[in-house]
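No lab work stands behind these numbers, since they all come straight from the coordinates. What you see is a predicted model; the values in this text were computed from it and never measured. In this analysis, Cβ positions are derived from the backbone assuming ideal geometry, glycine residues included, and neighbour counts consider all displayed protein chains.
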Amino acid sequence: MIRYLTAGESHGAALIGIVEGMPAGVPLTTEDIDDHLARRWLGFGRGGRARIEQDRVELLSGVRFGKTIGSPIALRLENAAHHKDRSDWPNVMAIGGSGEGIEPVTLPRPGHADLAGAQKYGFDDIRPVIERASARETAMRVACCSVARAMLRHLGIEVGSHVVRIGIVGWEDTGAWQEQVGLLVSEGGARAVYEAADESNVRMLDNDLTDAAVEHIKETKAAGDSLGGSYEVVATGVPVGLGSYVHWDRRLDGRLAQAILSIQGQKAVEIGDGFSGGSTPGSQFHDPITEDEQGHHLTRGSNRAGGIEGGVSNGMPIIVRGVMKPIPTLVKPLETVDISTGEAQPTRYERSDVTSVPAASTVAEATVAWVLAAALLERYGGDTFEQVEQRLALDAAT
């Protein structure tokens with residue numbers, strides 16, 4: 001069993017992560033993590049914080065001579081914005097500190113965790129909710145999940161993503177983008193997908209859509225508004241048999257859906273062509289079972305199931321799509337109520353992105369990688385990476 005925990009606030013001194021349960025002997029360097037942390041900042045429409053943070057992870061334990069040693073892996077990411085934006089933070093964090101002189105935040109933003117979080121924990125100041133509910137947390141999440149992702153890569157399993165839509169700009173022909181993704185996968189697996197997407201300012205696999213999305217973002221920013229969108233995550237090299245059909249909480253598709261929806265701002269998930277399955281006859285939807293070209297293994301003639309049947313991976317590429325809502329922090333104010341006075345007020349603007357869909361797609365890659373790594377270790381796990389490799393190779397040979 002592997003698990004991870006993150007801790008820290010958006011403007012605290014640092015984000016902290018603990019990864020527990022990784023086998024010993026997995027090759028791991030800070031570069032394996034920093035590369036994906038840098039990708040998290042990709043995308044036109046990002047706010048000012050992208051110019052402040054230079055995320056570089058510190059590995060504090062659990063790794064020796066470039067390999068995991070079986071003990072918990074501790075990670076740290078410094079928050080540069082802690083020093084730039086929040087000179088009052090030492091006062092706030094001080095043991096027994098009164099917070100005197102610190103102005104409370106009392107105007108919750110519609111669509112944010114502000115009000116529900118304050119009501120849950122009994123706060124009269126929503127700053128603690130803002131700080132922890134912030135998408136800044138996903139930086140450490142990407143770092144933790146990149147540990148598992150490094151293991152997958154050494155086993156021939158890759159995870160990539162691309163943006164399908166930002167606001168009103170996106171692919172209208174599902175078959176066109178799936179054909180393009182299929183070509184990339186055939187050339188270099190899921191890694192080829194994310195490398196191609198990273199060449200676009202908005203992580204789209206089409207130059208015309210990229211240009212249109214950039215203009216859409218500019219227009220939306222000028223109007224003081226924000227945009228959501230959708231993206232697709234692809235995983236290749238995934239063996240048959242990850243997950244389970246025998247218990248609800250071990251189904252791979254259910255675990256992937258939970259992972260996507262655990263990311264701040266995500267509101268919907270699709271596995272394969274799941275949404276169209278509700279309006280398509282079964283004779284046209286289900287993937288025919290065939291033999292591969294060598295006649296050695298059974299495979300599928302299509303992949304509308306997204307690589308998962310009955311909660312179990314079937315050897316086809318895993319396809320997961322997520323939908324992100326528009327960011328709730330707007331220049332153009334929305335109606336809210338001051339929790340200290342009960343008076344109707346317009347919301348106040350705090351620095352934010354116009355859209356974070358490209359960033360969300362890279363975070364989704366990380367969370368998908370974690371779920372796949374956890375399911376793989378449940379099936380092939382051991383105390384050492386060598387044991388995992390041997391068991392996976394033996395299974396593939398039978």
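Brief remarks on what is shown
- Net lengthening on full extension, H286/D211 (0.36 nm per residue, minus Cα-Cα): 23.4 nm
- Sequence of Y349, Y121, Y231, Y194 once ranked by neighbouring C-beta atoms within 10 Å, starting from the fewest: Y121, Y349, Y194, Y231
- With respect to the chain, whose longest principal axis is taken over its alpha-carbon atoms, helix 174-198 is tilted by about 80°.
- FRET efficiency, I102 to E350 (Cβ-Cβ, R0 22 Å, nearest 0.05): 0.90
- Inter-label distance for A116 and E172, nm, one decimal - labels placed 7 Å from Cα along Cα-to-Cβ: 3.5
- Ranking of S134, S276, S200 by neighbouring Cβ atoms within 10 Å, starting from the fewest: S276, S134, S200.
- Springs join every pair of Cα atoms under 10 Å in this Gaussian network model of the chain, and among L330, L298, L256 the largest mean-square fluctuation is at L298.
- Residues L115, L183, ranked from the fewest to the most other C-beta atoms within 10 Å, line up as L183, L115.
- The chain, helix-only ellipticity at 222 nm - DSSP H runs n ≥ 4, -39,500 (n - 2.57), divided by all residues, nearest 500: -11500 deg cm²/dmol
- Förster-model FRET efficiency, 25 Å R0, D383 and Q258, C-beta, rounded to 0.05: 0.35
- Computed label-point distance, nm, for sites W248 and A268 using a 7 Å Cα→Cβ extension: 2.4
- C-alpha center-to-center spacing [segment 100-118, segment 1-32] in angstrom: 29
- Chain lengthening between K332 and R64 when straightened (0.36 nm per residue, less Cα-Cα): 91.4 nm
- Spacing of the modelled spin labels on D395 and E31, each 7 Å from Cα toward Cβ, amounts to 3.0 nm.
- Placing a label point 7 Å from the Cα of E20 along the Cα-to-Cβ direction, the residues of segment 54-80 whose backbone N falls under 20 Å from that point are 59-64, 68-77.
- For the chain, the longest principal axis of the C-alpha atoms and the axis of helix 30-39 are separated by about 70°.
- Here segment 259-398 is assigned +1 on the Cβ of each Lys and Arg and -1 on the Cβ of each Asp and Glu. Its dipole about the Cα centre then comes out at about 500 debye.
- A straight line joining the Cα centroids of segment 134-208 and segment 241-305 runs 18 Å.
- Counting only alpha carbon atoms, the long axis of helix 137-154 and the longest principal axis of the chain meet at about 20°.
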